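Participant: Before I ask anything, here is the structure I am working with.
The values are calculated or read from the model by the stated rules, or taken from the named source; none is laboratory data. Fair warning: this is a prediction, and the values are worked out from it, not measured in the lab. As a convention, Cβ positions derive from the backbone with ideal geometry for all residues, glycine included, and neighbour counts pool all protein chains shown. Each accessible area value is taken on the protein alone, full model and side chains, heavy atoms only, with ligands, DNA and RNA left out. Shrake-Rupley method; radii C 1.70, N 1.55, O 1.52, S 1.80 Å.
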Amino acid sequence: FATPTSFHENFLQCLSLHSDPSIPIYSPNSSSYESILQFSVRNRRFSTPTTPKPELIITALDESHVQAAVICSRKHGLHLITRSGGHDYEGLSYVSDVPFVIVDLLNLQSISVDAKKGTAWVQAGATIGQLYHNIAVKSRTYGFPAGICPTVGIGGHFGGGGYGALLRKYGLAADNIVDARLVNVDGKILDRKSMGEDLFWAIRGGGGASFGIVLSYKINLVHVPPVVTVFTFNKNLEEGATALVERWQYVADKLPQDLFLTILINVVNSTQRGERTVQASFRALFLGVVDKLIPIMEQRFPELGLTHDNCTEMSWIQSVLYFAGFPINSSSDVLVDRTPANYLVTASFKAKSDYVTEPISQTGLEGIWKMLLEENIPGLIFSPYGGRMSEISESAIPFPHRVGNIYDIHYSVAWIEKGLKASKEHIGWIRRLYRYVTPYVSKFPRSAYLNYRDLDLGQSKNGTASYSEAKEWGIKYFKNNFDRLVKVKSKVDPDNFFRNEQSIPTIPSWG
Ligand code: FDA
């Protein structure tokens, strides 16, 4: 047996052989190990004294460092996991049950926007906020359809799909990827041409972590008008929120593609009754001016009672700031800051997802509200589909949730108390809520969104699940695309080097 020290030494020697001496490596003895580890931890649930920690962290400075990390981890039988922005809901980019090494892409964050061609190359360690800022610096009429929270990393987000307020007009981030650079299991760098269409298909929604380490993506930028309109309209239960939410379900996916009208549902203190109540915030992005938006809303959703006064015109990049909770007159520089919002630093959370294909009845909604009132910091987000999402086939990329879905639900619960007892209670609550909504949401399979990772759907220790075990969660995330993912995986990584608790399994004869 190699002792831990000689084991480390052999690994380090291998790294120095395969890369230059500048490769930054941190062991638990390094003074900055803890701060580097914690820098991209976005869920306090996985930052406790008993949370397993990496044996080493490699903060790659260039592509060759990532190649060396793969070659040497494989050679020395080390479990390697990749972290870009660290937003994985279950901490899979920085926690594992078996000894592991992290390759952290934090320093690979260059972005080059070609405004003439309408394309950009973006490295996996950049954030979506950095991408939006870089696009806006070059052009007022280009945008990109990815998520809302600016600190989310490109690496995980694009690999699992990625969506935000441009979803209904342009689909997912992954729908707009046209090339990629990836380090494969042999430590080689492949682009779209050399990896082939099957692997290129898999890493756009199938979760990159099962197939390699994505270094960068090339994307097509999308057109946005110089003026867009936003609004937020809050209604609590006493003001008729339930009827409005119910009505929204008949409207939201059929609105013109230029209009994205989402609902955020929270528990607030009611000013009317001085008690806690449920509040529905109807929040919209319209790709056009307010004078065009009002008639659409009057015709399609008059119950909301939207007027000019509720609306604000702005540029697309200001709408990004607005949705992210910044004042709209801030400089877009704030999007570059990787320091996360305070709640992401202090809170633990658990989230789950569902797809809705038939409107939920008022009674069903009332049952959900009742449960929300049992918790301190619960939250729901209803994101409308339809539009472009219904035009793209279920098998175009591994993300399968297309035509027939009215909206998806993101359920979350956050807490700041520490300790296992608190965790158990809050997780118990969200599991009960998930059970409660069963009759109202998609069935056979009950679907889920990979980027809203949920280990309750099934998991395997160290990514060693059999095909039928992995199908438990695979079918929910990928529907009929699961088998094709298994085929690609079996071909490109037959020994299952790239794995995690919910990775795609291999079947040797399918390779
Ligand atoms: P992280 O680094 O944790 O990676 C996630 C997974 O991808 C891990 O399994 C990791 O190993 C793997 N991975 C990361 N980089 C890789 C690479 N370069 N190559 C191969 N594998 C790689 N989603 C959404 O669609 N719309 C939204 O608006 C939001 N908003 C949002 C807000 C907040 C606060 C959170 C915490 C999360 C979201 N999400 C979201 C979900 C988000 O899309 C999801 O968590 C992404 O996987 C995060 O990507 P990161 O790179 O930050 O995560």
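Participant: Look at the range 196-221 and say how many of its residues are in contact with a strand residue (DSSP E or B) (Cβ under 8 Å, 6 or more places away or on another chain) and part of a loop (DSSP other than H, G, I, E, B).
Facilitator: 5
Participant: What number of residues in the range 48-81 are of a type in the set (A, V, I, L, M, F, W, C) and in a helix (DSSP H, G or I)?
Facilitator: 6
Participant: Just the residues that are over 15 Å from F349 (Cβ atoms), within 14 Å of the ligand (Cβ to nearest atom) and part of a loop (DSSP other than H, G, I, E, B), please, taken from the range 32-47.
Facilitator: S40
Participant: Right, another one. Do we have P54 as more than 10 Å from the ligand (Cβ to nearest atom) and surrounded by fewer than 17 Cβ atoms within 10 Å (Cβ to Cβ) here?
Facilitator: no
Participant: Would you confirm, using the coordinates I've provided, whether F231 is within 14 Å of the ligand (Cβ to nearest atom) and either surrounded by fewer than 20 Cβ atoms within 10 Å (Cβ to Cβ) or in contact (Cβ under 8 Å) with a residue 24 or more places away in the chain (or both)?
Facilitator: Considered against the rule, which asks whether it is within 14 Å of the ligand (Cβ to nearest atom) and either surrounded by fewer than 20 Cβ atoms within 10 Å (Cβ to Cβ) or in contact (Cβ under 8 Å) with a residue 24 or more places away in the chain (or both), F231 comes out as no.
Participant: Looking only at residues in the range 178-187 that are more than 28 Å from K479 (Cβ to Cβ) and within 15 Å of the ligand (Cβ to nearest atom), which one is most open to solvent (accessible area, probe 1.4 Å)?
Facilitator: Per the stated criteria, the residue is R181.
Participant: Could you please find all residues in the range 234-254 being without any contact (Cβ under 8 Å) to a residue 12 or more places away in the chain and closer than 20 Å to C311 by Cβ?
Facilitator: Within the range 234-254, E239 is the sole residue that qualifies.
Participant: State whether one or more residues within the range 471-478 are open to solvent by 30 Å² or more (accessible area, probe 1.4 Å), in contact with a Leu (Cβ under 9 Å, 6 or more places away or on another chain) and assigned to a helix (DSSP H, G or I).
Facilitator: Checking the range 471-478: at least one residue is open to solvent by 30 Å² or more (accessible area, probe 1.4 Å), in contact with a Leu (Cβ under 9 Å, 6 or more places away or on another chain) and assigned to a helix (DSSP H, G or I).
Participant: Of G196, G162, G171, which residue is open to solvent by less than 10 Å² (accessible area, probe 1.4 Å), among the small types (G, A, S) and more than 11 Å from the ligand (Cβ to nearest atom)?
Facilitator: Exactly one residue qualifies, and that residue is G171.
Participant: Hey, can you tell me all the residues within the range 408-466 that are within 16 Å of the ligand (Cβ to nearest atom) and touching a Gly at 6+ places or on another chain (Cβ under 6 Å)?
Facilitator: Scanning the range 408-466 gives S412, L450, N451.
Participant: I would also like to ask the following. Inside the range 490-503, can you point out the residues that are under 24 Å from the mean Cα position of the chain (by Cα) and more than 13 Å from the ligand (Cβ to nearest atom)?
Facilitator: Selection gives N496 alone.
Participant: Within 21 Å of Q13 (Cα to Cα) and away from the ligand (no atom under 12 Å from the Cβ): does that describe A68?
Facilitator: yes
Participant: Every residue in the range 387-442 that is among the hydroxyl-bearing types (S, T, Y), within 22 Å of W369 (Cα to Cα) and part of a helix (DSSP H, G or I), please.
Facilitator: Answer for the range 387-442, where residues must be among the hydroxyl-bearing types (S, T, Y), within 22 Å of W369 (Cα to Cα) and part of a helix (DSSP H, G or I): S423, Y434, Y436, T438, Y440.
Participant: Please enumerate the residues belonging to the range 72-112 that are aliphatic (A, V, I, L, M) and within 13 Å of the ligand (Cβ to nearest atom).
Facilitator: L80, I81, L92, V95, V101, I102, V103, L105, L106, L108
Participant: Which of the following residues is at pLDDT 95 or above and either within 16 Å of the ligand (Cβ to nearest atom) or crowded, with 21+ Cβ neighbours inside 10 Å (or both): A115, A124?
Facilitator: A124
Participant: A further question follows. Restricting attention to the range 9-23, which residues are crowded, with 18+ Cβ neighbours inside 10 Å and of a type outside the set (A, V, I, L, M, F, W, C)?
Facilitator: Listed by number, the residues that qualify are H18, S19.
Participant: Something else: Show the residue pairs that are 6+ apart or on different chains and have beta-carbon atoms under 9 Å apart, the first residue being within the range 46-58 and free of Cβ contacts under 8 Å to residues at least 60 places away in the same chain and aliphatic (A, V, I, L, M), the second being open to solvent by 10 Å² or more (accessible area, probe 1.4 Å) and assigned to a loop (DSSP other than H, G, I, E, B).
Facilitator: L56/S27; L56/P28; L56/L78; I57/P24; I57/S27; I57/S30; I58/I23; I58/P24
Participant: Could I ask something else about it? Select from the range 331-370 the residues that are among the hydroxyl-bearing types (S, T, Y) and surrounded by 13 or more Cβ atoms within 10 Å (Cβ to Cβ) and list them in ascending order.
Facilitator: Hits for the range 331-370 are S332, S348, S353, Y355, T357, S361.
Participant: Only one of (1) at pLDDT 95 or above; (2) more than 13 Å from F498 (Cα to Cα) fails for P49. Which number is that?
Facilitator: Answer for P49: the failing condition is (1).
Participant: Give me the pairs, please: first residue somewhere in the range 328-341 and more than 15 Å from I135 (Cβ to Cβ) and within 14 Å of the ligand (Cβ to nearest atom), second residue anywhere and open to solvent by 50 Å² or more (accessible area, probe 1.4 Å) and part of a loop (DSSP other than H, G, I, E, B), beta-carbon distance under 9 Å, and either six or more positions apart or on two chains.
Facilitator: Once the first residue is more than 15 Å from I135 (Cβ to Cβ) and within 14 Å of the ligand (Cβ to nearest atom) and sits in the range 328-341, its partners that are open to solvent by 50 Å² or more (accessible area, probe 1.4 Å) and part of a loop (DSSP other than H, G, I, E, B) give R338/Q109; A341/G325.
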